[in-house]
Structure formats: C-alpha cells, structure tokens
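What follows is calculated from the coordinates using simple rules that are stated; it is not laboratory data. As the structure is a computational prediction, the values presented were derived from the model and not from experiment. Every residue, glycine as well, gets a Cβ built from its backbone with ideal geometry; the counts of neighbours run over all protein chains shown.
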Amino acid sequence: MTNSTNESVSTVTFFTSSVEEDKTEMYAYMVVEINTVEKRATSDKVIQSKIQRIRELLEKYCSKMDKSFWDEARKLNRSETPQ
C-alpha cells in the first residue's frame, strides 16, 4: 500500500504489532485510503476479513457507518492538498 505521499507502506509492519494497534491502523487506512485497502484485500484474505469485521463493529456502534458511508468515502480524492 502507499500513503497519501505515495510512500510504500508495509501492511506487515502496521497490521501485526498488537490486536489493538492492528484494529486502529486498519480503521485509519479504511477511512483515509479505502480504495487502496479494498484493492489490496482482493488478493489478501486476511485483510478482507479484517475489513468485514471492522465494518460490522462500526455499524453496530454507529448505524451511519453503513454501506453508504463507505460508498461516499470511496468518492473522496485524498491526494488533493487542502487550499
């Protein structure tokens, strides 16, 4: 994966330190770089499972974080610098 500055980001480094850190990092990437995360999940069943579980938990605690939330997140262009 890459972050917003196109630097390579290792999912192995970020998503395996501890359970809590893993969930935190995965959530952050899902919110900021959902398109990149979903693309990576097409070839990684572990990431795919994590995405599914985090979405289930989020929607349980905040009903507005449903499918429409993620649909809108996909439309955002995070590479643009705020003016």
Inset, instruction - Starting from the range 59-78, take each residue that is within 16 Å of Ala28 (Cα to Cα) and list its partners that are part of a loop (DSSP other than H, G, I, E, B), counting only C-beta distances under 8 angstrom and pairs at least six apart or across chains. - result: Glu59/Met65; Glu59/Asp66; Arg78/Ser4; Arg78/Glu33
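Residue-by-condition table, conditions (1) in a helix (DSSP H, G or I); (2) of a type in the set (Ser, Thr, Tyr); (3) in contact with a Phe, Trp or Tyr (Cβ under 7 Å, 6 or more places away or on another chain):
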{"position": "Asp22", "(1), (2), (3)": "yes, no, yes"}
{"position": "Tyr27", "(1), (2), (3)": "yes, yes, no"}
{"position": "Val37", "(1), (2), (3)": "yes, no, yes"}
{"position": "Gln48", "(1), (2), (3)": "yes, no, no"}
{"position": "Ile51", "(1), (2), (3)": "yes, no, no"}
{"position": "Glu56", "(1), (2), (3)": "yes, no, no"}
